[in-house]
Amino acid sequence: MSSAKNQVTSDTAQDTLARKSEAANLISGGRLVAKALKAEGVDTIFTLCGGHIIDIYDGCIDEGIRIVDVRHEQVAAHAADAYARQTGRLGCVVTTAGPGCTNAMTGIATAFRSESPVLHIGGQGALNQHKMGSLQDLPHVDMMSPITKFAAGVRSTERIADMISMAARE
């Protein structure tokens with residue numbers, strides 16, 4: 001009996017190590033976002049911490065992108081606008097899904113009307129739960145389209161870099 005138990009423990013440990021080894025070769029969508037932001041010259045993001053965007057923060061730390069955490073998403077959007085106006089560089093606001101995106105709308109609209117180069121990245125829930133009442137699931141792209149030059153959802157991690165590149169060039 002004890003030898004069977006030891007075998008199970010050993011197999012479980014081997015499985016865990018194998019999974020960790022495979023996972024070490026993968027990169028999260030959030031880290032891809034940070035790499036794409038760095039490639040576009042972004043050195044600072046303005047944000048309010050939220051669950052849908054945590055991996056982006058990890059990537060920003062890895063890429064040396066400064067994270068300015070504020071108290072409200074509207075402040076983050078206005079700060080990104082002010083940063084863009086003062087530096088002439090791309091301002092970047094990162095918000096969580098749902099109320100994070102809706103709270104940023106006034107600042108995004110201000111940047112749009114002022115023609116400030118501001119990129120808004122809004123988190124989203126799991127795609128397999130879209131339009132099923134998942135946490136903070138709202139039609140973000142539809143809401144942002146009238147107040148941005150480019151609004152799109154990213155349906156696969158493979159598209160993250162080119163979507164950020166397209167948005168930054170609008």
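The values are calculated or read from the model by the stated rules, or taken from the named source; none is laboratory data. This one's a predicted model, so the numbers in the text were calculated from it and none came from an experiment. With ideal geometry, Cβ positions are generated from the backbone for all residues, glycine too; neighbour counts draw on all protein chains shown.
Among the residues of the range 82-96, the one identified as part of a helix (DSSP H, G or I), hydroxyl-bearing (Ser, Thr, Tyr) and over 15 Å from residue 40 (Cα atoms) is 83. Would a scan of the range 64-74 turn up a residue that is in contact with a Leu (Cβ under 6 Å, 6 or more places away or on another chain), part of a helix (DSSP H, G or I) and either at positive phi or without any contact (Cβ under 8 Å) to a residue 60 or more places away in the chain (or both)? The answer is yes, given that some residue of the range 64-74 is in contact with a Leu (Cβ under 6 Å, 6 or more places away or on another chain), part of a helix (DSSP H, G or I) and either at positive phi or without any contact (Cβ under 8 Å) to a residue 60 or more places away in the chain (or both).
Annotation: of all residues in the range 109-129 being at pLDDT 95 or above and in a helix (DSSP H, G or I), the one that is surrounded by the most Cβ atoms within 10 Å (Cβ to Cβ) is 111. For the range 84-108, the set of residues classified as surrounded by fewer than 24 Cβ atoms within 10 Å (Cβ to Cβ), at pLDDT 95 or above and either under 19 Å from residue 34 (Cα atoms) or in contact with a strand residue (DSSP E or B) (Cβ under 6 Å, 6 or more places away or on another chain) (or both) consists of 84, 89, 90, listed by residue number.
Criterion applied to 78, 52 was being within 21 Å of residue 149 (Cβ to Cβ) and either at pLDDT below 95 or assigned to a helix (DSSP H, G or I) (or both), and the one residue passing it is 78.
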